[in-house]
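None of the figures in this text is laboratory data; all of them are computed from the coordinates on show. Please read these numbers as outputs of a predicted model, since none were measured by experiment. With ideal geometry, Cβ positions are generated from the backbone for all residues, glycine too; neighbour counts draw on all protein chains shown.
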Amino acid sequence: MHTIYSPLHHQHAPTHEFLEGRLLPCYELPSRAELILHAINDAGIGPVIPPRTFGLDPILAVHRPAYVHYLAHAYERWVAAGGAPEGVIPSTLPIRGMSGFSPHPFAEAGYYSFDTCAPIVAGTYTAASASADVALTGAALLCAGETVVYALCRPPGHHAGPDYCGGYCFFNNAAIAANYLARSGGNAATSNDPQSATVALLDIDYHHGNGTQAIFYERNDVFVVSIHADPQRDYPFFTGFANERGSGRGLDYNLNLPVAAGANDTAYLAILDQALTQIRAHQPRWLVISAGFDTFDGDPLGDLRLSTAAYCAIGARIAALETPTLIVQEGGYAVAALGTNVVSLLQAFST
Ligand code: SP5
Ligand code: ZN
C-alpha cells in the first residue's frame, strides 16, 4: 500500500489553542504525523511517496475563493494589526443576526472560523495546501488503478467547511479528494438506481465531520456517512444529529450515526456495520475514509473505548466492500498508541 506524506506539515506548528476557557498546549502536533510515518516504515506497509502539486483548482472546487485568499494572508494581516504572533485565534465570532461587514483582520478571523481551536501561523497555508495535495495524490493513484492508498494528511480536514476553519482543520482534504473522484469520470455502478452515488465518504473520526457534511449537503454524487460522539455531549455540538439527512437533491445522501459514551469494540462495530450496509446499497465507485483515531480508549479528547484491534476489524470490514479506497488521516491524540492504531487499520487491507 502506498502512503503519501509531505514534510511541509511541519510548517503548521502553533503552540497553543483556546479550549473550554483554558489556554492549552496544542493536541494536534507535528509529532503526530512523524509517529505515524515511523510506525508505517517499521511495519513495512509499503512505499512512502511525496505528493504531486495540484494547484488551487481542486481546492477551489470545494472552498470559497474568499476563504482561500483569507487563509493565504491571515497571519501577516493579523500580526500587522497587532494580533499575537503566536497565531490567529478569533475573539469575536458573528452569530445570529450579526451580518455587518468589517475588513479588519480581527473581524475576518471570526468570520472564517467557527471555534478557537484552529490557530493560523505563518506556515499554516503552506502546510494545509500540502495536506490537500497529499489527499489528491492518493485520489489520483486510485484513478490510476490502485485499490487502496493512505494519505498521511496533516493538518486534518473534516471540520473545515466551504468557507471556514475550525477544530484543527483548514482545507477539507477528504472532501477535496472525494470531489476530485466524483468529477473524475466514473459513474456509480448503476447510475439509474435512485440510491446510487459515485463516491461514499465514511468518517470514523470521534468528532462529527461537520465541514464534510456542509460541503456535500445538497449533493447526491457523494454519500456522506459520519460515525461520531453524540453532539448532545461533545464537540462540535451544533451538528451531527441523526435528523440531518441532506437537502434538495442531497436528501438521504447524508447519514449521521451518533455513538453513546463508553462504546467498546462490539458496540462500535455494530454501528459501523449499519454504515457499511448503507454504503453498499449506494454502490459507490470510490470510497474515501476520514480516518480519525480519537475513538481510542484513553484518547484525551474522546470518551469511546476502542482497542487497537478494533481498527484492524474496521479495516477488514471496509476492505470487504471491495471498492477502491482512499484512507485520509484526520484526528487521534493518544500519541503513544497513534502509530500502532494506524498500522492496525492499514494492515487489514494488506492481507
Ligand atoms: C480533527 C479533530 O479531531 N479535531 C478535533 C477538534 C476538537 N476540539 C475541541 C475538543 C473538545 C474537547 N473536550 C474534552 C476535553 C477533555 N479534557
Ligand atoms: Zn476528531
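As a proxy for reagent exposure, MET1, MET98 were ordered by neighbouring Cβ count within 10 angstrom, fewest first; the result is MET98, MET1.
Label zone of ASP252 (point 7 Å out along Cα→Cβ, amide N under 12 Å): in the range 265-302 this covers 282.
Among VAL335, VAL288, the ranking by other beta carbons within 10 Å of each residue's beta carbon, starting with the fewest, stands as VAL335, VAL288. For the pair SER102 and THR53, how long in nm is the line joining their label points, each one 7 Å along Cα→Cβ? Placing both labels 7 Å beyond Cα along the Cβ direction yields 3.7 nm.
Just to confirm the number: angle between the C-alpha axis of helix 124-143 and the first principal axis of the chain, 0 to 90 degrees, nearest 10? Approximately 20 degrees, to the nearest ten. Each listed q (0.14, 0.23, 0.26, 0.27 Å⁻¹) maps to a log10 I(q)/I(0) for the range 1-68 from the Debye sum over equal C-alpha point scatterers, namely -0.69, -1.02, -1.06, -1.08.
Report, to the nearest 10°, how far helix 335-350 tilts away from the longest principal axis of the Cα atoms in the chain, using its own Cα long axis and a range of 0 to 90°. The helix 335-350 is inclined about 40 degrees to the chain.
Among the trypsin sites (Lys or Arg not before Pro) found in the range 238-299, those both in a DSSP coil and sparsely packed, with 15 or fewer other Cβ atoms within 10 Å of their Cβ, are ARG245. Spacing of the modelled spin labels on PHE18 and ALA267, each 7 Å from Cα toward Cβ, amounts to 3.5 nm. Note on the range 251-351: semi-axes of the ellipsoid equivalent to its C-alpha gyration tensor, largest first and rounded to whole Å, are 22, 16, 12. Once the C-beta distance of ASP230 and LEU321 is scaled by a Förster radius of 22 Å, the resulting FRET efficiency is 0.30 to the nearest 0.05. At full extension, GLN274 and ALA66 could sit 71.1 nm farther apart than now, given 0.36 nm per residue minus the alpha carbon distance.
Scaled against 2.2 N^0.38 Å for its residue count N, the alpha carbon radius of gyration of the chain is 0.92. In this entry, the range 3-136 is assigned a mean projected area of 9.6 nm², taken as a quarter of its C-alpha convex hull surface.
Legend: calculated FRET efficiency, PHE238 to ASP163, from the Cβ-Cβ distance at R0 = 22 Å, rounded to 0.05, equals 0.85.
Here the sum of -39500 (n - 2.57) over DSSP H runs of 4 or more residues, divided by the residues of the chain, equals -11000 deg cm²/dmol at 222 nm, to the nearest 500.
For the range 177-334, what mean projected area does the convex hull of the alpha carbons give, in nm²?
Here the figure is 8.3 nm², rounded to one decimal.
In a fully extended conformation the segment linking ALA84 and SER184 would gain 31.8 nm over its present Cα-Cα distance, using 0.36 nm per residue.
Arranged by the count of other C-beta atoms within 10 angstrom, fewest first, what order do SER344, SER31 take? Present the calculation step by step, with values, prior to reporting the outcome.
Numbers: SER344 22, SER31 10.
Fewest to most other Cβ atoms nearby, the residues stand as SER31, SER344.
Shape summary: the range 221-281 maps onto an equivalent ellipsoid whose semi-axes, from the alpha-carbon gyration tensor, are 21, 16, 6 Å in decreasing order. Calculation over all alpha carbon pairs of the range 116-174 in 10 angstrom steps from 0 returns a P(r) of 25, 48, 21, 6, 0 percent.
Annotation: the range 277-330 has a Kirkwood hydrodynamic radius of 12.4 angstrom, from the mean reciprocal C-alpha pair distance. Between 0 and 90 degrees, the angle of helix 65-80 with respect to the longest Cα principal axis of the chain falls at about 40 degrees.
For the range 155-260, the relative contact order works out to 22 percent when only alpha carbon pairs closer than 8 Å and six or more residues apart are counted.
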